[in-house]
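To keep things clear, I will list the structure first and then write my remarks on it.
The values are calculated or read from the model by the stated rules, or taken from the named source; none is laboratory data. Because the structure is predicted, anything quoted here is derived from the model rather than measured. All Cβ positions, even for glycine, are placed from backbone atoms using ideal geometry, and neighbour counts span all protein chains on display.
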Amino acid sequence: MRQSHLFGRTVREIPSDAQIPSHQLLIRAGLARQLSSGLYTLMPLALRSVHKIETILRQEMDRVGGQEILMPLVHPAELWEETGRYQALAGKELAHFTDRNKRAFVLAMTHEESVTFHARTEINSYRQLPIMVYQIKLKFRDEPRPRAGLIRVREFTMKDAYSFHVDEADLDRYYEEVYVAYERIFARAGIPVVVVESDPGMIGGSSAHEYMLVTPSGEDNLIICEASGYTANREIAVFDKGKPDFGDPQPVEEVATPNCKTIEEVANFLGVSEQQTIKAVFYVADKRFIFVVIRGDLDVNEIKLANAIKATEMRPATDEEIRAVGAVPGYATPIGVKDALIVADDSVANLTNGISGANKDGFHLKNVNMGRDFKAEIVKDIALAFEGAKSAFADAPLKAANGIEVGNIFKLGTKYSDSMGAMFLDENGRQKPLIMGCYGIGVDRLLASVIERCHDENGVVFPISVAPYHVHLVPVGKGDEVADAADALYNEWVKAGVEVLYDDRNESPGVKFKDSDLLGIPIRVTLSQRTLGEDSYEVKCRWKAEREIMKRSDFSLDAYIQEAWAQIDPLLQAVEKAGR
């Protein structure tokens, strides 16, 4: 490709709305252009990288027995009504419309409903199972807050795969195969990942894992125990809360606590540990008032809470709603409240002689004990894990990190087959629901994540596996001799099948070298009057600081390309060493 004809130009300025490196570099290197909020055009260089990512995805999905299909973007709304997700999501993340015949449709943000629709017509016997189908498909999510370039967008391409099984044991076996296939995918793309337990979210199912690129710019919060290897999204992470001993239960006692509304203020005023206090937090979920109690030194994890009460919608309660159930904001206790679902973190169940509000301005209660003084309808772990908390799996503190989710896998079970009637006949002739798994990778997001991981102060540093081109041919200086030599070398390499971008522009050496660093193509070969006179090439590997002058007789482009591929080997070796 001659760079003078390349559609998409580099820019020097950092876009004002680009807060993370990958977003900045996508724009500056001419890889992507924004059309509207959350909507991006991939320019030719980026699209070449995307095609290489898709090739890796296809190879690894085929390797675990996947069959590629292609389902529509537009779905009949009634399919989503069968699972209840239309009612829950339409008008929110799920975009919907009515056609000229007044029939309701949605723009697919995911494809569980449509693949289950096809499974119930194509699969009828256990002899066909297990089976997995996948697609690489455009999707649309009406994202309320697009951000970070291609990390969180409205329109995106995703590789989603779906497997079908006779029982949970077979799903567990296949889930492990895809687990490893995903590790290979990310290693081949040139990025290390951490696999964490996660919340299935609106996809549903019994369990899920996310593949995270650990980076300060990530929007996901991870909890890691290095001693045990435990990793989880903070949304579901567990930890050892301990069981502090505050003695045998004592009679409840009301005490004055003037102007003490926060846990810290109450604990300091009474001279006690925050662990002895009981924090009250209030929500309205699916039109029901939720009174949450948790130990005062802990915070509520709203994802855990929503899962515990099986809420589809949840928001903080207003002061007016709090007072309506008989509680007083800042001085609340669950004792005596009415028309509220009381949910307790298990830390409160293990607490004796706690200190809670008194539902009376300026007063608290000492020696409050759950079970004796109030009862909770639900008692579960709803606490938010934090850095420094004790691990539940080792005598060690937890660490926190930020990450970008680059892939996820789910054990769906029968969530969709039950609701949509996707059944098969087992070996005894009995009808059973198909057991399902689901496996997704955002293609555009993976490209952005590669750039987020693989860059320096000068620009992108593409791994060769997903680089738009392998070689950047850069002639510098004036004169027909250099141009003729570069043309001849370019034609020679193209004929040999080398992926080469040829900077034939009439620009200064400084501009060409800056653009070359910005684009991040792995190997740069420079021709100049000096190199021609010395019968040599100047070679710069993007992952190295220094340049080399190579005699033409000693120069081997294949050797440099092999060295570039070797940069990925440690990641692949780590996957093999894990031996899953």
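Miscellaneous remarks
- Test for residue 544: is it under 19 Å from residue 455 (Cα atoms) and surrounded by 18 or more Cβ atoms within 10 Å (Cβ to Cβ): no
- Tally, over the range 430-454, of residues that are part of a strand (DSSP E or B) and within 14 Å of residue 27 (Cα to Cα): 0
- The set of residues in the range 97-130 that are more than 30 Å from residue 430 (Cβ to Cβ), surrounded by fewer than 13 Cβ atoms within 10 Å (Cβ to Cβ) and of a type outside the set (Lys, Arg) comprises 97, 98, 99, 101.
- Checklist (1) basic (Lys, Arg); (2) over 30 Å from residue 158 (Cα atoms); (3) at pLDDT 95 or above applied to residue 445, failing item: (2)
- Helices (runs of 4 or more DSSP H) within the range 288-401 that include 3 or more residues free of Cβ contacts under 8 Å to residues at least 24 places away in the same chain: 319-324
- Number of residues in the range 101-118 that are farther than 20 Å from residue 438 by Cα and touching a strand residue (DSSP E or B) at 6+ places or on another chain (Cβ under 8 Å) equals 4.
- No other residue among 264, 254, 210, 235 is surrounded by 17 or more Cβ atoms within 10 Å (Cβ to Cβ) and not in a loop (DSSP other than H, G, I, E, B) apart from 210.
- Count - residues of the range 479-502 that are assigned to a loop (DSSP other than H, G, I, E, B) and farther than 17 Å from residue 538 by Cβ: 4
- Sole exception among (1) out of contact with any Lys or Arg (no Cβ under 6 Å at 6 or more places or on another chain); (2) not assigned by TED's automatic domain parsing to the domain that holds residue 178 for residue 442, by number: (2)
- A single entry from 117, 186 fulfils the requirement of being hydrophobic (A, V, I, L, M, F, W, C), closer than 30 Å to residue 311 by Cβ and at pLDDT 95 or above: 117.
- Identity of the residue in the range 144-168, of a type in the set (D, E, K, R) and touching a strand residue (DSSP E or B) at 6+ places or on another chain (Cβ under 9 Å), that ends up farthest from residue 34 (Cα to Cα): 167
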